[in-house]
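Enquirer: Quick one: the structure is below, and I'll ask about it shortly.
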Amino acid sequence: MASAKMLLAQEQEKDLSRAMPGMKMDDRKQPQRGHASPLLVETPDVAQLPWRMDGNVKEFHLIAEPVKQEIVPGRIVDLWGYNGSAPGPTIQVNQGDRVRIIVDNHLPEATSMHWHGFEIPIAMDGSPGSSQDPIPPGGRFVYEFTLHQEGTYFYHSHMAMQEMMGMIGAFIMHPREPYTPRVDKDFAIVLQEYAILPNIKVPNSMNMEFNWLTFNGKAGPATTPLIIRHGERVRIRLINLGMDHHPIHLHGHQFVVTGTEGGRQPQSTWGPGNTVLVGVAQSRDVEFVASNPGDWMLHCHLPHHMMNQMSSMVGPMSRRNGMPAGLDMERGMGMLRQGSATSEENGPSLGRGLGVGSTAEQTVSNSPLKPGDPMQHQDMPGMQHQGMQMGKPEVGKDANSVPGFPQDAFMEGPMMAMDEMVDKPENFGLRPGWSGFMAGMMTFVRVLPPDKYDQIMELREKQEDKPKKMDMPGMEHKHE
Ligand SMILES: [Cu+2]
């Protein structure tokens, strides 16, 4: 059984030879197609899925498999995804394309692939048990259909618990007739959430409380900012598949919602806003003119979704002196000693319960801030030694006597800064210490003056020249 990485590499090789590597995208001559080549949708931190042409069929290859996903530096977790990442690689096609997607199952259990919102024959819908047999471990299913739709869609496993392990990816259908007004930049961001307990790398998919909230598989500050030249028109496509709805908020600008998981909305429905609720199983396209220079936050506005490791599960370990009275080490850390997380053998207050109120440590309110190194017990192995900027928290003189201080997530802030650890071209020139305040579903929309924009693009090109390039045949940087 070939690994996903190998297959991906093979396909990339074929693809890159078609894309004539070494040539600038703008110089590349493409064969004439039925309609103008669309603007490539960028999915920061997530790869594009290459394809090959088989006659007039665009053929893709997806491999469902366990993946190691680095959510923030030093925090590598065991998820399930496609072709080495969660979310899986982005698929981009043109309206009217005939598409074949070969799905191989390298998971230890059955799976099925659903094409969310696609108007295709029932046999291709990927509903396990009703439209097809589940794909067994080691098995393959070949999906093939013609796509007459346009818009922001996605693919996902139709096994509920697998969805919560990361099994989703963006599926962009470019319109036959370009949208108006055209945009200069087009991005897609997949919203996901995981409950990952201390000292474990596998999400608890039964949990209702989430401590890792991600944009394209990364939590702030590891998310990659969207780089925009001052004055450009921008589209951001937001896709949500998890347990929560996310109100996504943009600073400094008003946008209009131009599309849903059902495709483009008529212009008569566009009204100004700066926060869009992206419900579970929905997508929302927003567009705006980047008229206001600055490094603007783009984030989920649910307070608990603007944190890393925020949940009650880590509070005691990160701050309290010792274990709660009457509990031993294992139970104090919320570790299971018998049964499954929700088995009858375990009480509801084991620290692995189904909600905030069911966890043992919630019976204790915020405990005083410990003197000394506040990171001493933080559950981020290795981070302390990898360039994290450690500092003393700025607190008032009598802080510990003020009811409500400190809050569970007090660890966020200046002492969590890791600018160097997340250094990349897109972060160039951000205010020193910025990373200490970026967490969860959060990134920057950087609206830059021309010189700064060019500088970052140059840095990015230099970096991209080194590793593999993910250019796609038929996709050019043109306006749509
Ligand atoms: Cu949220």
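The values are calculated or read from the model by the stated rules, or taken from the named source; none is laboratory data. Since this is a predicted model, take the numbers as computed values, not measurements. When we count neighbours, we look across all protein chains shown, and the Cβ atoms used for this are built from the backbone with ideal geometry, even at glycine. Side chains included, ligands, DNA and RNA excluded: accessible areas come from the protein's heavy atoms. Shrake-Rupley method; radii C 1.70, N 1.55, O 1.52, S 1.80 Å.
Enquirer: Quick one: give the max-minus-min coordinate of the C-alpha atoms of the stretch 50-142 along each principal axis, largest first, in Å.
Expert: Sorted largest first, the three principal extents are 43, 30, 23 Å.
Enquirer: Another question, then. Expressed in nm to one decimal, what extension gain is obtained for the pair Phe428 and Ala160 from 0.36 nm per residue of sequence separation less their Cα-Cα distance?
Expert: Fully extending the segment from Phe428 to Ala160 adds 92.5 nm.
Enquirer: Next question. Just by accessible area at a 1.4 angstrom probe, what is the order of Thr258, Thr180 from largest to smallest?
Expert: Most to least solvent-accessible, the answer reads Thr180, Thr258.
Enquirer: Starting at the first residue of the stretch 421-434, write each ³J(HN,Hα) from the Karplus equation 6.51 cos²θ - 1.76 cosθ + 1.60 with θ = phi - 60°, in whole Hz, x for Gly and Pro.
Expert: Per-residue couplings from phi come out as 5, 10, 4, 6, x, 5, 9, 4, x, 5, 4, x, x, 3 Hz.
Enquirer: Take the Cα pairs of the stretch 183-305, get the Kirkwood Rh, then feed it into Stokes-Einstein at 4 °C and 1.567 mPa s and tell me D in µm²/s.
Expert: Answer, rounded: 84 µm²/s.
Enquirer: Also: At 7 Å along the Cα-to-beta-carbon direction for both Leu277 and His251, put a label point, then send me their distance in nm to one decimal.
Expert: It is 2.5 nm.
Enquirer: Length gain on complete extension for the stretch Asp454 to Asp78, per 0.36 nm per residue less the alpha carbon to alpha carbon distance?
Expert: Length gained, Asp454 through Asp78: 131.6 nm.
Enquirer: Right, another one. In nm, to one decimal, how far is the Gln265 label point from the Asp54 one, both placed 7 Å along Cα→Cβ?
Expert: Those two pseudo-labels are separated by 3.9 nm.
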